[in-house]
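Below is one structure; the comments refer to it alone.
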């Protein structure tokens with residue numbers, strides 16, 4: 001894959017998805033475009049067998065197809081956290097499923113305890129939007145081996161954050177978000193906050 005212009009990507013990201021104030025999650029910064037879907041029936045968190053993995057992966061790919069049916073390539077953003085502000089060796093599992101990931105940005109993630117500061121390192125790559133390219137990554141997320149993954153089209157018009165238990169959609173518009181909620185109503189949380 002070709003190298004990514006990280007400065008251009010950062011500028012586009014800031015235009016499309018301005019940073020939430022302070023430590024606010026993105027869902028609070030963009031509530032009109034956010035919706036959470038659960039990846040297994042009855043909000044079950046973790047798959048137990050291959051049949052349940054198939055459901056998890058099908059739901060992720062269904063939502064990705066709804067968001068960008070013509071997108072053939074995606075940005076894959078992965079995150080790692082540690083106490084080192086410098087470039088570190090990525091965890092083995094991430095190197096295996098995202099070998100082209102290049103360090104995009106590092107910043108302080110948590111400085112509540114000055115003697116134990118945590119840094120977040122974000123890596124980015126461009127990948128084909130195919131099951132072959134994405135399923136190994138999505139399985140690691142489903143098993144809670146990795147966290148903090150974001151998938152996005154090259155124009156960043158939407159964002160998809162898979163997590164162990166489902167996926168957060170940040171749709172291009174509130175109308176698209178609402179259409180997804182209607183179409184996949186059975187995948188929504190029954191909690192009043194949508195979590």
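Read-outs throughout are calculated quantities, based only on the coordinates presented, and are distinct from any laboratory measurement. None of these values were measured; they are calculated from a predicted model.
So here's what we get for this one:
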quantity: Selected from 90, 15, 177 as most flexible by GNM, with the chain as the system and alpha-carbon contacts under 10 Å; calculated: 15
quantity: Contour excess over end-to-end distance, with Cα ends at residue 44 and residue 82 and 0.36 nm allotted per residue; calculated: 10.7 nm
quantity: Segment 15-68 - percent relative contact order, Cα under 8 Å, separation 6 or more; calculated: 19
quantity: Dimensionless Rg/Rh of segment 128-195 - Kirkwood Rh, Rg from C-alpha atoms; calculated: 0.98
quantity: Degrees between helix 174-183 axis and first principal axis of the chain (Cα, 0 to 90, nearest 10); calculated: 50
quantity: Pairwise Cα inverse-distance average, inverted: Kirkwood Rh of segment 34-97 (Å); calculated: 14.9
quantity: Segment 37-195: relative contact order in percent, alpha carbon pairs under 8 Å with at least 6 residues between; calculated: 30
quantity: Cα-only Debye scattering, the chain: base-10 log of I(q)/I(0) at q = 0.08, 0.13, 0.15 Å⁻¹; calculated: -0.26, -0.72, -0.97
